[in-house]
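Please read the structure below before turning to the comments.
The values are calculated or read from the model by the stated rules, or taken from the named source; none is laboratory data. Bear in mind that the values here come from a model prediction, so they are computed numbers and not experimental data. Neighbour counts are summed over all protein chains in view; Cβ atoms, including those assigned to glycine, are modelled from backbone coordinates with ideal geometry. Quick note on the areas: whole protein, heavy atoms, side chains included, nothing else; ligands and nucleic acids left out. Shrake-Rupley method; radii C 1.70, N 1.55, O 1.52, S 1.80 Å.
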Amino acid sequence: MSDPERAMLLSVHPRFANAILAGSKTVEVRRQRVAAPPGTPVLLYATAPTMAVVGMARIAAVHVATPSEVWSAHRGQTGITRREYDVYMNGATQASGLTMENPVSFEEPVTLNALRSAGSFHPPQSYRYMKGDELRQVAAAGPVVGAALRDALGDLVPA
């Protein structure tokens, strides 16, 4: 069960954000252990040149194993080539494959400038968890994001 007061903010290259939101990429890989329960809402922050929260999904499952085991289990869902995967995982001793479900594209992405004007916002290098006031600040930065967060988290994010 997901923490009802927590969402993940995941930084991804725009190519991967678009693929997740289109449903062609259902597994996002990370070089470290990710401990997020199924059902955790995930805000997708597309990095430069987009620099905006572009959509949302939910974590269906997390597979933590060696990089080769994660590749073997999920290669067809990662949206990357084996070469890209090997370059990214070079030197990693474990990996996480985050299976994503229920992707939702935001009609109006929330730009980095809008996020920063709503409060002190810093996109993560990889990912981080957000709770309480920080989620309310992100919700205030864009009505579409606010509505999606209210759907996912309920009363934590006021209208």
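Quickly run through the stretch 18-38 and pick out the residues that are part of a helix (DSSP H, G or I) and in contact with a Gly (Cβ under 7 Å, 6 or more places away or on another chain). Correct list: 19, 21.
Checked against the criterion of being in contact with a Lys or Arg (Cβ under 9 Å, 6 or more places away or on another chain), of a type in the set (Lys, Arg) and open to solvent by 50 Å² or more (accessible area, probe 1.4 Å), the candidates 136, 150, 75 yield just one match: 75.
Inside the stretch 112-137, residues that are among the hydroxyl-bearing types (Ser, Thr, Tyr) and over 18 Å from residue 55 (Cα atoms) make up a count of 2. The residues in the stretch 111-133 that are open to solvent by less than 70 Å² (accessible area, probe 1.4 Å), over 14 Å from the mean Cα position of the chain (by Cα) and at pLDDT 90 or above can be counted, and the count is 2.
Residue 25 passes every criterion in (1) more than 19 Å from residue 128 (Cβ to Cβ); (2) open to solvent by 10 Å² or more (accessible area, probe 1.4 Å) apart from (2). Scanning the stretch 91-105 for residues that are open to solvent by 50 Å² or more (accessible area, probe 1.4 Å) and out of contact with any helix residue (DSSP H, G or I) (no Cβ under 9 Å at 6 or more places or on another chain) gives 91, 101, 102. Across the stretch 31-45, a minimum of one residue is classified as buried (at least 18 other Cβ atoms within 10 Å of the Cβ), free of Cβ contacts under 8 Å to residues at least 60 places away in the same chain and not polar (S, T, N, Q).
Scanning the stretch 80-106 for residues that are touching a strand residue (DSSP E or B) at 6+ places or on another chain (Cβ under 8 Å) and not hydrophobic (A, V, I, L, M, F, W, C) yields a total of 10. Given the structure, is residue 57 touching a residue at least 60 places away in the same chain (Cβ under 8 Å), of a type in the set (Gly, Ala, Ser) and either part of a strand (DSSP E or B) or surrounded by 13 or more Cβ atoms within 10 Å (Cβ to Cβ) (or both)? Taking the combined requirement at face value, the residue does not satisfy it.
Residues being within 23 Å of residue 138 (Cβ to Cβ), modelled with pLDDT under 95 and of a type in the set (Val, Ile, Thr) are represented in the stretch 95-108 by at least one member.
Exactly one residue out of 60, 17 is within 13 Å of the chain's Cα centre (by Cα), closer than 14 Å to residue 102 by Cβ and of a type outside the set (D, E, K, R): that is 60.
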